[in-house]
Amino acid sequence: MIKNLRERDALLQSIRVFFHSEGFIEIETPVRLKTPCMELHIDAEPSGDHFLRTSPELCHKKLLACGAEKIFEVAKCFRQGEQGDLHNPEYTMLEWYRTDGDYMTALADTQNLLRKVVERRRDVPSMFSNDWKIFTVAEVFEEFAGWNPVEEFDADCFDFDLIEKVEPALPKDCPVVLKDYPAELCALARLKPGNPQVAERWELYLGGIEIANAYSELTDPVEQRARFEKWGEQRLALGKPVYDLDEEFFQCLKQMPPACGVALGLDRLLMILTGAKSLDAVLPFRD
Amino acid sequence: MYSSSDLRKGLKIEMDGDPCVITDFQFSKPGKGQAIYRCKIRNLSTGSGFDRSFRSGDKVKKAALESRDFTFSYEAGDDYVFSDNATYEEVHLGAEQLGDNKYFIVEDMQVEILFHNEKALDVTLPNFVEKEITDTEPGARGDTTTNCNKPARIDNGYEIAVPIFINEGDIVRIDTRTGQYADRVSKG
């Protein structure tokens, strides 16, 4: 356990060194929010008359709209009901944004970051190899699940096949990126210019474990509002709480320049780096 | 009823009318997707195992299991007959339902029987039972300290590994949960 406290400290240091060398500044944003981000399957923990953040995303984008260009945060986030070997209801997210770039710029940042993180380590797990494999979501679903979710989307089938067929079949000895998600799973990503069937979003897997999520950020306030309203209706239908919309966020999107961002699970990264199979090994105060 | 967020290893549930136990449990959730509760399940009636995944809103039936105290009475052919300590009602269990427990059961033994909808599923013996060794090679004289084991048999033919110093006629204690030798009670 003490060994892994040192590992976390070293990891945080290397992350800060990397981002500062790239011209990013470290920021802090509120943990308690009146209006958490509305997503269909992410539930915020109530905290008095606020909610604990499920992600720092909306605050970061407001700062981009105000003129910030390269920002990162080591952010404690909270998600209700997520508990397992790879989930904890309270966890640390490394989140960063930069203007003037798309999701492929974000991928280059991520590759450079991971190279920095393992640079001085003596034993580097094989999945940190420099040989990155990049597949489209359509490609891996056609190969391992036998259907193309971009042509015909089925949300329920997608989640089950992703977990039970696709993820177990991904290469484990190198970083794997799945990109171009069906438009239905756009989250806060923009649709691909010239191919609106897919969203400019990718997810990184290390050793078969989902570790980071990135977008070319959506900057259209009308489209963003329509998405939040749709997910609000779907949440209502599922009997889940519906959050108020963050009007200030829509105002800011009007000013926000094109940008890209990444959210990376720091506890999972530490777990994979240290060869652990469960977050138990890297979180000393687990329930 | 359980909801899927109650699922965990060891939980007893009912699936398709049969009592089952969750033998392995994993919480999965794609970052933007729905929670999926993946279970390995064993059917307590048939012993067979299978995989089943549950979604967030799914409901799972609790298994109506009840455990009662019984006394072992007698053997009747292939059946073992127990009487309910409270009602004196008799229950018959087949040899295959008892498994290895049939070697350790003795007259008047106090046991617990697990029922599902009044159907007997499983019997739990006291953790230890004393049995006489009826057959084993004599050990080397004076050798009472080594960890070496040798084969031995008890009266009903059950084969068990015992330390080298155990002789025919000795009474030994056997752990009924593992079927293994625990210690010597008295010399024959």
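The values are calculated or read from the model by the stated rules, or taken from the named source; none is laboratory data. Because the structure is predicted, anything quoted here is derived from the model rather than measured. Cβ sites come from the backbone with ideal geometry, for glycine too, and all protein chains shown count toward neighbours.
Any idea which residue in the range A:153-175 is farthest from the other protein chains (Cβ to nearest Cβ), counting only those that are out of contact with any His (no Cβ under 9 Å at 6 or more places or on another chain) and of a type in the set (D, E, K, R)? Result: A:D173. Residues in the range A:186-203 that are in a strand (DSSP E or B), without any contact (Cβ under 8 Å) to a residue 60 or more places away in the chain and more than 14 Å from chain B (Cβ to nearest Cβ): A:L191, A:K192, A:N195, A:P196, A:Q197.
Screening A:Q197 on (1) touching an Asp or Glu at 6+ places or on another chain (Cβ under 7 Å); (2) among the polar types (S, T, N, Q); (3) over 19 Å from B:P30 (Cα atoms) shows it passes everything except condition (1). As a summary of the residue check, B:G142 satisfies the conditions (1) surrounded by fewer than 18 Cβ atoms within 10 Å (Cβ to Cβ); (2) under 16 Å from B:F72 (Cβ atoms); (3) modelled with pLDDT under 90 except for the one numbered (2). Has the range B:66-89 got at least one residue that is touching a Leu at 6+ places or on another chain (Cβ under 8 Å), closer than 30 Å to B:L7 by Cα and not β-branched (V, I, T)? Yes, the range B:66-89 has at least one match. Within the range B:2-21, residues that are assigned by TED's automatic domain parsing to the domain that holds B:K40 sit with their Cβ atoms under 6 Å from residues that are among the polar types (S, T, N, Q) and surrounded by fewer than 16 Cβ atoms within 10 Å (Cβ to Cβ), at 6+ positions apart or across chains, in these pairs: B:D18/B:N43; B:D18/B:S45; B:C20/B:N43. Pairs linking a residue in the range A:265-284 that is part of a loop (DSSP other than H, G, I, E, B) to a residue that is among the aromatic types (F, W, Y), with Cβ atoms under 9 Å and 6 or more positions apart or on different chains, are A:L283/A:Y91.
Can you find a residue that is under 19 Å from the mean Cα position of the chain (by Cα), part of a strand (DSSP E or B), of a type in the set (S, T, Y) and within 23 Å of B:V21 (Cβ to Cβ) anywhere in the range B:171-182? No, because not a single residue in the range B:171-182 is under 19 Å from the mean Cα position of the chain (by Cα), part of a strand (DSSP E or B), of a type in the set (S, T, Y) and within 23 Å of B:V21 (Cβ to Cβ). When residues in the range B:40-62 are screened for being in a strand (DSSP E or B), more than 12 Å from chain A (Cβ to nearest Cβ), surrounded by fewer than 17 Cβ atoms within 10 Å (Cβ to Cβ) and touching a Lys or Arg at 6+ places or on another chain (Cβ under 9 Å), 4 of them pass. The numbered conditions (1) acidic (D, E); (2) closer than 20 Å to A:D131 by Cα; (3) touching a Phe, Trp or Tyr at 6+ places or on another chain (Cβ under 7 Å) are all true for A:D267 except (2).
Filtered by the rule that a residue be within 18 Å of the chain's Cα centre (by Cα) and surrounded by 16 or more Cβ atoms within 10 Å (Cβ to Cβ), the range A:124-142 gives A:F135, A:T136, A:V137. When A:K230, A:K172, A:K179, A:K165 are screened for being of a type outside the set (S, T, N, Q) and assigned to a loop (DSSP other than H, G, I, E, B), only A:K172 passes.
Listed here are the residues, each with its yes/no results for (1) hydrophobic (A, V, I, L, M, F, W, C); (2) touching a residue at least 12 places away in the same chain (Cβ under 8 Å); (3) exposed (fewer than 15 other Cβ atoms within 10 Å of the Cβ).
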| position | (1), (2), (3) |
| --- | --- |
| A:R98 | no, yes, no |
| A:L107 | yes, yes, no |
| A:L113 | yes, yes, no |
| A:R122 | no, no, yes |
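Looking at the range A:256-264, is at least one residue in contact with a Leu (Cβ under 6 Å, 6 or more places away or on another chain), under 29 Å from A:V150 (Cα atoms), within 14 Å of chain B (Cβ to nearest Cβ) and surrounded by fewer than 20 Cβ atoms within 10 Å (Cβ to Cβ)? No - not one qualifying residue is present in the range A:256-264. Among the residues of the range B:18-39, which ones are touching an Asp or Glu at 6+ places or on another chain (Cβ under 8 Å), more than 9 Å from every other protein chain (Cβ to nearest Cβ) and at pLDDT below 95? Hit for the range B:18-39 is B:C20, nothing else.
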